[in-house]
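The values are calculated or read from the model by the stated rules, or taken from the named source; none is laboratory data. Bear in mind the structure is a predicted one, so any value in this text is a computation, not a measurement. Because the Cβ atoms are built from the backbone with ideal geometry, glycine has one as well, and the counts that use them run over all protein chains shown.
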């Protein structure tokens, strides 16, 4: 999720020291996350259940109406 936020924020660059492999060696292993997102939703260990589908687009519609929004 943090990486998604970085891309959505349209940062120019990200500085970091430790790699995901360094983090894994310390017990913060993201390997499962990468594998999980590569699977079809029906095969994932954690079910993702969409609710309020009809209302879900409202924040995006409001964003699109915002004349001050920043696009790529």
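Structure values in brief
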quantity: Filtered residues of the range 18-31 (kept if closer than 16 Å to residue 3 by Cβ and surrounded by fewer than 10 Cβ atoms within 10 Å (Cβ to Cβ)); calculated: 19
quantity: Any hit, the range 42-61, residues being touching a helix residue (DSSP H, G or I) at 6+ places or on another chain (Cβ under 8 Å) and either in contact (Cβ under 8 Å) with a residue 40 or more places away in the chain or surrounded by 10 or more Cβ atoms within 10 Å (Cβ to Cβ) (or both); calculated: yes
quantity: Test result for residue 24, part of a helix (DSSP H, G or I) and modelled with pLDDT of 90 or more; calculated: no
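Condition check ((1) under 30 Å from residue 71 (Cβ atoms); (2) more than 16 Å from the chain's Cα centre (by Cα)) across all residues:
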residue: 12; (1), (2): yes, yes
residue: 18; (1), (2): no, yes
residue: 23; (1), (2): no, yes
residue: 26; (1), (2): no, yes
residue: 31; (1), (2): no, no
residue: 36; (1), (2): no, no
residue: 45; (1), (2): no, yes
residue: 49; (1), (2): no, yes
